[in-house]
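Below is one structure, written out as structure tokens, with a few remarks after it.
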Amino acid sequence: MHLDFREAHSPKALELYLTARPADPASSTQEARCIFKAISGLLLQKKAWICQERVFAPPGDIAALRQIRNQEYGPLADGVEPAFLATNDAPGVMPGVQVYAVATAQKPEVITAGDAQARVFGAHGCHWLTASGLQAPAAGDGPAQARAAFEKAGRLLRAAGGDLRNLARTWIFMDDILAWYDQFNQARNAFFRDSGLLGPKGAGRLPASTGIGVSPADGSRCALDLFAVFGEEDALSHHEAAGMQRSANEYGSAFARAAVAKSPAGRTVFVSGTAAIDPAGVSCCRNDIAGQIQMTLDNVNAVLAQLSAESADVVQAIAYCATAQAREQFLNRWAGQVSWPWLVMIGDVCRPELLFEVEATACVGARPVQPSTLS
């Protein structure tokens with residue numbers, strides 16, 4: 001098992017980022033119990049509570065992983081499930097688990113709006129809301145499900161005293177993304193217009209986002225994760241254009257390249273899902289896996305640099321590879337050179353010619369905790 005554990009401190013809070021993956025992909029489901037047990041032990045030791053969690057695995061392994069997780073987490077289980085996400089990897093090959101947790105004066109509160117749940121937590125005048133796996137399979141087709149998931153997010157935010165303007169980051173996990181990404185964009189654009197995030201009054205309010213071809217485990221067309229911050233006027237900034245890329249909204253995709261949020265222990269930079277796309281929105285390096293990987297990483301690093309974050313500040317990163325060949329090239333040549341806490345998986349990118357995408361979260365000042373200090 002590989003466990004990357006990073007933390008950031010402030011006088012009143014501790015933020016923890018854990019990335020766990022099997023050491024042997026061929027025996028990943030056998031290592032799952034060790035993974036969840038290690039995560040549980042670390043969080044209980046730090047007196048921290050889970051705020052957001054994603055479990056990536058082939059669809060046939062999800063039921064067993066859910067059971068193992070529930071057995072190992074004990075007092076950490078607060079009734080809010082992680083996002084269980086079905087990758088296109090081979091059976092038994094589990095890409096891994098991401099956890100974001102906090103230790104503050106009070107345990108995060110679980111709030112409910114309809115059939116949706118979220119966690120709310122606060123420190124030094126700010127409040128944060130996180131939700132995972134929001135979905136609405138009964139709403140209809142993919143675009144209808146996407147809108148319904150965003151509507152659930154809006155209800156949760158209002159229940160916590162905020163609104164959609166407080167969204168810093170969204171993640172949209174989509175089944176068969178290439179078949180309906182244009183329709184998804186139309187649905188999201190319409191919802192954001194209706195909510196005031198698009199249009200003159202909503203300028204500068206679009207959240208950072210990932211839209212990726214990794215399916216919700218239960219068969220829904222899409223699932224939504226989110227991170228929101230509210231309570232202080234300057235706690236959140238959105239950057240529709242950043243690094244070497246202009247606004248995606250110029251070509252009809254309503255998200256910001258990045259968002260910067262005040263977080264319990266400092267400042268967090270959310271870099272949206274990023275691929276080999278030039279400033280005009282054109283896909284580059286077609287049929288060139290190595291070229292796409294390098295350009296993608298250059299694009300991500302340019303965003304980090306512009307927003308005063310260093311490569312060493314990255315606390316979580318995911319590489320989505322459209323093919324097994326792209327995955328192999330990334331792992332063999334780049335993954336070891338870029339010392340980020342990687343999860344690497346097979347999943348479709350939003351354009352058929354794109355073979356690689358990266359998302360990254362950087363918590364400024366956070367650093368790795370060595371295994372020797374965890375006992």
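The values are calculated or read from the model by the stated rules, or taken from the named source; none is laboratory data. None of the values given here were measured: they were computed from a predicted structure. Positions of Cβ are generated from backbone atoms using ideal geometry, with glycine treated the same way; all protein chains shown enter the neighbour counts.
Computed values, structure above
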read-out: Verdict on ASP225 being among the charged types (D, E, K, R) and crowded, with 22+ Cβ neighbours inside 10 Å; value: yes
read-out: Wholly enclosed strands (runs of 3 or more DSSP E) of the stretch 65-167 bearing at least 3 residues within 23 Å of GLU359 (Cα to Cα); value: 83-86, 96-103, 126-134
read-out: Qualifying residue in the stretch 24-40 (condition: touching a helix residue (DSSP H, G or I) at 6+ places or on another chain (Cβ under 7 Å), in contact (Cβ under 8 Å) with a residue 12 or more places away in the chain, over 27 Å from LEU331 (Cβ atoms) and not aliphatic (A, V, I, L, M)); value: yes
read-out: Qualifying residue in the stretch 283-291 (condition: under 30 Å from HIS9 (Cβ atoms), touching a residue at least 40 places away in the same chain (Cβ under 8 Å) and surrounded by 16 or more Cβ atoms within 10 Å (Cβ to Cβ)); value: no
read-out: Evaluation of ARG188 against (1) at pLDDT 95 or above; (2) outside any helix (DSSP H, G or I); (3) out of contact with any helix residue (DSSP H, G or I) (no Cβ under 6 Å at 6 or more places or on another chain); (4) within 22 Å of GLY162 (Cα to Cα) (one fails), failing number; value: (2)
read-out: All positions within the stretch 45-72 that are surrounded by 14 or more Cβ atoms within 10 Å (Cβ to Cβ) and over 21 Å from TRP128 (Cβ atoms); value: VAL55, PHE56, ALA57, PRO58, PRO59, ASP61, ILE62, LEU65, ARG66, ILE68, ARG69, GLU72
read-out: Flag for PRO371 being surrounded by fewer than 16 Cβ atoms within 10 Å (Cβ to Cβ), modelled with pLDDT under 95 and farther than 23 Å from ALA261 by Cα; value: yes
read-out: ASP175 vs. criteria in contact (Cβ under 8 Å) with a residue 12 or more places away in the chain, in contact with a strand residue (DSSP E or B) (Cβ under 6 Å, 6 or more places away or on another chain), farther than 24 Å from ILE50 by Cβ and not hydrophobic (A, V, I, L, M, F, W, C); value: yes
read-out: Selection from the stretch 286-300 of residues that are out of contact with any strand residue (DSSP E or B) (no Cβ under 9 Å at 6 or more places or on another chain), in a helix (DSSP H, G or I) and either at pLDDT below 95 or not charged (D, E, K, R) (or both); value: ALA290, GLY291, GLN294
read-out: Count of residues meeting criterion [under 17 Å from the mean Cα position of the chain (by Cα) and over 14 Å from THR170 (Cβ atoms)] in the stretch 263-289; value: 6
read-out: Residue selected from the stretch 311-345 under the condition β-branched (Val, Ile, Thr) and modelled with pLDDT of 95 or more, by the criterion nearest to PRO58 (Cα to Cα); value: VAL344
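Quick grid of which residues meet (1) without any contact (Cβ under 8 Å) to a residue 12 or more places away in the chain; (2) touching a Ser or Thr at 6+ places or on another chain (Cβ under 9 Å); (3) over 20 Å from THR274 (Cβ atoms):
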site: ALA160; (1), (2), (3): no, no, yes
site: ALA168; (1), (2), (3): no, yes, no
site: ALA190; (1), (2), (3): no, no, yes
site: ASP194; (1), (2), (3): yes, no, yes
site: LEU198; (1), (2), (3): no, no, yes
site: ASP218; (1), (2), (3): no, no, yes
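Matching residues to (1) within 17 Å of LEU85 (Cβ to Cβ); (2) surrounded by 24 or more Cβ atoms within 10 Å (Cβ to Cβ); (3) of a type in the set (A, V, I, L, M, F, W, C); (4) under 15 Å from the mean Cα position of the chain (by Cα):
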{"site": "VAL315", "(1), (2), (3), (4)": "no, yes, yes, yes"}
{"site": "ALA319", "(1), (2), (3), (4)": "yes, yes, yes, yes"}
{"site": "GLN325", "(1), (2), (3), (4)": "no, no, no, no"}
{"site": "LEU331", "(1), (2), (3), (4)": "no, no, yes, no"}
{"site": "TRP334", "(1), (2), (3), (4)": "no, no, yes, no"}
{"site": "GLY347", "(1), (2), (3), (4)": "yes, yes, no, yes"}
{"site": "ARG351", "(1), (2), (3), (4)": "no, no, no, no"}
{"site": "GLU357", "(1), (2), (3), (4)": "yes, yes, no, yes"}
{"site": "ALA360", "(1), (2), (3), (4)": "no, yes, yes, yes"}
